[in-house]
1. Under a point-charge model restricted to the Cβ atoms of Lys and Arg (+1) and Asp and Glu (-1), what is the dipole moment magnitude of the chain relative to its Cα centre, in debye to the nearest 20?
2. With all pairs of different alpha carbon atoms counted, what Kirkwood hydrodynamic radius in Å does segment 75-160 show?
3. Need one number: convex hull volume per residue for the chain, Cα atoms only, in Å³.
4. Can you give the angle from 0 to 90° between the axis of helix 226-254 and the longest principal axis of the chain, with both taken from C-alpha atoms, to the nearest 10?
5. Given only helices, namely DSSP H runs of n ≥ 4 each adding -39500 (n - 2.57), what is the per-residue ellipticity at 222 nm of the chain, to the nearest 500 deg cm²/dmol?
6. With a cut-off of at most 15 other beta carbons within 10 Å, and DSSP calling the residue loop, which GluC sites (Glu not before Pro) in segment 34-119 qualify? Please list them.
7. Could you tell me how far the Cα centroid of segment 138-187 sits from the Cα centroid of segment 77-129, in Å?
8. Counting other C-beta atoms within 10 Å, and keeping those with at most 15, which DSSP coil trypsin sites (Lys or Arg not before Pro) do you find in segment 75-156?
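The values are calculated or read from the model by the stated rules, or taken from the named source; none is laboratory data. What you see is a predicted model; the values in this text were computed from it and never measured. Virtual Cβ from ideal backbone geometry, glycine too; neighbours counted across all protein chains shown. All accessible areas refer to the heavy atoms of the entire protein, side chains included, with ligands and DNA or RNA removed. Shrake-Rupley method; radii C 1.70, N 1.55, O 1.52, S 1.80 Å.
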Amino acid sequence: MTTAQTDTSGFTTESGSARAERVRLFAQPLVVVLIVGVVLAWVFSSELKPNEQKTLNASTLLTTLGEHLLITVVVTAMVVVIAVPLGIALTRRWAKPAAPFFLAIANIGQAAPALGVLVLFFLWTGWEGLWVVAIPLAFYSLLPVLRNTMVGLQQVDPALIDAGRGIGMSSSAVLRRIELPLAVPLILAGLRTSLVLAVGTATLAVFVNGGGFGVLIDTGYKLQLNRVIVVGAVLAVGTALIVDWLGAVAEQYLGPKGLR
């Protein structure tokens, strides 16, 4: 009876979710561009104070955007380079006993406050700039990709692996041609989560001279310039939403065709 009702209405939970996702993929970048455009138009059409003019100009905004994106790209690259190979290794028979140890370390990295990890690493190394931000944030963002890589590989049907071996594939060929393609959707979902974490926490880079939109927020707060705070916050949120959208697009179009 339930099935009949579902067919009559032409709407199921699954189809509704798919439609909502398609609407979100279409609407999210438009909403972000609209909000950022309105805020920038409001700010640049206002009469800015001399202190605001030093911060709210095209050169400064592009510089902070570049710094913010550079931190995000470097953190993401480090997470992919570390977490994916490690996740693959920890699903192999010879490395499975070590999996709880590495997962515990990754869990600790994400459970710890990002600002605390950042400041402790800064005090320990005495460094400033990009790498003192990127290394702690990569540690903080590691868990989603590591866990999803492992889960994605572990959920592959053993019958498919046996079939691959049965036709003469080597272990590396089975991994490359069967296991990894089937695990890609979950790996991409983990990477999307890590990207959003990296973009959001990159605003903390200001505390170790790492740049990014946190500079605008910090400057506005210290000098009591509300327009500077608003611009910094809106640009940080807008960048996070655009990165999340790019991750959703990648999930939608880069996974195996049969699993989309």
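1. Charge dipole of the chain: 420 debye, to the nearest 20.
2. Result for segment 75-160, one decimal place: 13.8 Å.
3. Convex hull of Cα atoms, per residue: 179 Å³.
4. Taking the Cα atoms of the chain, the angle to 226-254 is about 20 degrees.
5. Calculated at 222 nm, the ellipticity per residue is -26000 deg cm²/dmol.
6. Passing both the DSSP loop test and the Cβ count: E47.
7. The two parts, judged by their Cα centres, are 20 Å apart.
8. Listed in order of number, the matching sites are R92.
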